[in-house]
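Here's the structure, in structure tokens; my notes come after.
Quick note: the coordinates plus some simple rules give every number you see, no bench work behind them. Fair warning: this is a prediction, and the values are worked out from it, not measured in the lab.
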Amino acid sequence: MMAALESPAETFVADGSAIALHARPSADYARREADARALLRAAHAEFGDALVQSSSLGVEDMVLTDLLVAEGLPVAIATLDTGRLHAQTLALLDAAQRHYGRDIEVWAPDAAAVAEFAAREGDAPMYRSVELRHACCALRKLEPLARMMQGRRAWIVGLRRQQSAQRAGAAARELDAQGRVKFSPLLDWSAGDVWHYVAQHGVPYNALHDHHFPSIGCAPCTRAVALGEDERAGRWWWEHDGAKECGLHAVQPLRRLDQPGETT
């Protein structure tokens, strides 16, 4: 059964700069930044033009874009326009391209398939069942992602272990469900590390982050989080607790070469 469609607005803290609220680096921040830069260089050295950064335009992905540019790595940057993004997200897309002087690929779902789904299920089917929400995510995210990844063998994403219990067991290098290599250079970063980097380097970010949206997806499926809530509590908040994911990050972890059964 779906949870009530309500937002605990009475527990929100006052809006303000996300930098002022969160920019608190970890004691080993310098090592974490150095490791992230090294992983990006290694990923590009291994995969070259077959590597892409898949950006949600969230703050972690903006940090990764900044690191790629700072390292002089000509890695393609791509994002998904689901057709239901916040206006602030679309504004950041334009601002990021101007700021970095780099084109960002924009991949959209099949318009005819979206129209057929909306005609059949209505404008907001995600609120009626988890199955319909998954169907909407598959149509608006997974299908264009599959086209974005055609001809590419590896991708860079902004996952962090701290974001959710489901992501706590992730690895910095994994295989996705299609057998491509997925790199998560910020996996061990805290939110404070991320915002410290933003403050230090003047990274552009989504204005919704200043209104307590730590995780930003489609407009119907994202709300601000209340004081004390998990970072991804604002995603699909009407569903019962569980794996609050859309399917983009289904993975099979890479085995170490010294594990039983592995050959060199």
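Computed values, structure above
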| item | result |
| --- | --- |
| Hz values of 3J(HN,Hα) by residue in the range 43-53 - Karplus curve (6.51, -1.76, 1.60), Gly and Pro given as x | 4, 5, 4, 7, 10, x, 5, 8, 10, 9, 8 |
| Rh by Kirkwood over Cα pairs, then Stokes-Einstein D for the range 9-252 at 1.567 mPa s and 4 °C, µm²/s | 70 |
| Under Karplus coefficients 6.51, -1.76 and 1.60, residue-wise ³J(HN,Hα) of the range 208-222 in Hz, glycine/proline x | 5, 4, 6, 10, 6, 10, x, 10, 10, x, 5, 4, x, 10, 9 |
| Taking the convex hull of Cα positions in the range 67-166, its mean projected area over all directions (nm²) | 8.5 |
